[in-house]
1. What does DSSP give for the chain in terms of the percent of beta bridges that are antiparallel, rounded to the nearest 5?
2. So, with +1 on the Cβ of K and R and -1 on the Cβ of D and E, and no other charges, what is the size of the charge dipole of the stretch 93-281 about its Cα centre, to the nearest 20 debye?
3. Taking the Cα centre as origin and putting +1 on Lys and Arg beta-carbons and -1 on Asp and Glu beta-carbons, what dipole magnitude results for the chain, to the nearest 20 debye?
4. What is the helix-to-structure angle for 191-217, meaning the angle in degrees between its Cα long axis and the longest Cα principal axis of the chain, kept from 0 to 90 and rounded to the nearest 10?
5. Along the positive direction of the dipole of the chain (beta-carbon charges: Lys, Arg +1; Asp, Glu -1; about the Cα centre), which of T470, G322, G450 reaches farthest?
6. Remind me, relative contact order of the chain in percent, using alpha carbon pairs under 8 angstrom and six or more residues apart?
7. Between V389 and residues 5 or more places away or on another chain, which pairs have amide H atoms under 5 Å apart, with H built 1.01 Å from N, and which residues are they?
8. Rounded to the nearest 500, what is the chain's calculated 222 nm mean residue ellipticity when only DSSP H runs of at least 4 contribute -39500 (n - 2.57) each, over all residues?
Amino acid sequence: MKIKLLLVSILLSTAMGISQESIDSDAIEKIKNEGFNNSQIEAIAFNLIDKSGPRLSNSKGYKRAANYATEQLADWGLTNTNLEPWGEFGKGWEIHKSYVAMTKPYYMPFIAVPKAWTASTNGEVSGKVVFVDISSEEDFAKYKGTLKDAIVAVKPSGDQGPTFEPDAVRFTEEQLKEMEQPEEPRGERTPEQEERRKRWMAMRELNQKIGTFFKEEGVAVILKGARGIEGTLFTSGGRGYLKDAPESVSEIEVAPEHLNLLARLNSNGVPVEVEAEIKTSFDESDLQGYNVIGEIPGSDKKLKSEIVMMGGHLDSWHGATGATDNAAGCIVMMEAARILKATGLNPKRTIRIALWGGEEQGLHGSRNYVKNHFGDRETMELTKEQEKVSAYYNIDNGTGRIRGIYLQGNDKVKPIFEEWFKPFDDIIDNTTLTIRNTGGTDHLGFDAIGIPGFQFIQDPIEYRTRTHHTNMDTYERLVIDDLKQMAVIVASFVYNTAQREEKLPREALETSSR
């Protein structure tokens, strides 16, 4: 009777989809001990952030960080470490000087960042500020012939008043429970959504025409009020990095409070003057983009040709040193690789780490890597190597600790991941596995061609308020203990994936989110 009951229990468990995952508890304890007691997080962070500097794609800072990562991974014993070209990116760009200040009616230095890939000013420029308000092409006529050598200012939008909300937050239990619920099908756009989309497209087209107009008129420099608050400004850039892109007018993104000051003085009849100087340079000596690649070779004769991948993007914007976006993800992945080597664990499958370039301009590094190695998402012509990848794991949502994982529509992995999270109940509150997709990160290229690709759920901390693409994304914004937690969990997930008898289950290719 006991044998029959056991058989029934096994059959019921299988029918209900309950995972019978075999987890090496001793290996997980080794990973925990190494990650929490012998962490190298701070050393990796210093080298990627403070020592390398801003890591705009194809910049000297990016190359410093990529060279450090490649050499460090090799020193830890990874093999095949290299800077792998993924295709043409475009021009490198460096800032050599950046300065803007109000000089009348009194002196005040401004918080400001040159827009990425902007040109130099013609030496120091100074004089009165001309405020422009262009909402349609018809408005060009108001300024035609009046902007030669002018310092043009464009006011910011939005509210810069107090928010009365904390900058740093963690997900609440209620938020995580809501996240577990499937998203409602999007369906067709509502009339309101379609109208907003049309307005956004029209504004984008108008902004391109405004840039051309300013250049034709001979504007000396553009001061544009950036999005932001309380000394934080969000900065990014256009497409000036492309090989054939023409140089644009020198443009400086200014803290909104400072540009609002100029505007209030001006509107109240107080003449305002500023001085500014931007020195930048372009580098076209090597237009290729590069990813950092390294491997821990598999030990099993049958399975070592199969691959488990982990990664994050190494490039950043230029307003700060890109600590949370996304040095944090690269720190975690490098530390996870170090942990696996330091513990002496010998994974059955090959583990491959990738630190991507060109993510901020459109996930270029990861998408081209996928195209070069695994398959073309446009034609869906797949390589044999695509079949050998079990999974790809990504970190790219800041410094916040892991609270769960996005299943990216792949419900078959849920019972597996539930078992893998259990050893970490003491360091994860309210572990959340959501069937939802998440976008904007490097797992998308893998998911698009049927390779299971996952982004972990992370506490926001200050990512949305202070650090994502801002001038405040510095070393101080890292939460070191959170990074340790992430590295331990990533290392365990990667190791468990490498040890399974079978690769992780995949969605049917036609239903993977692309």
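Read-outs throughout are calculated quantities, based only on the coordinates presented, and are distinct from any laboratory measurement. Here the structure is a predicted model, which is why all the values come from computation and not from measurement. Backbone-built Cβ (ideal geometry, glycine too); neighbour counts: all protein chains shown.
1. Numbers: 41 of 71 bridges.
For the chain, the DSSP antiparallel bridge percentage is about 60.
2. Numbers: 25 positive and 32 negative charges, 144 e Å.
In total the dipole reaches around 700 debye.
3. Values: 62 positive and 78 negative charges, 124 e Å.
Its charge dipole is roughly 600 debye.
4. The angle comes out near 50 degrees.
5. Highest projection toward the positive end goes to G450.
6. 23 percent
7. Those qualifying (amide H under 5 Å, at least 5 residues apart or on another chain) are I307.
8. On the way: 13 runs with 158 residues, N = 514.
Per the formula, -9500 deg cm²/dmol.
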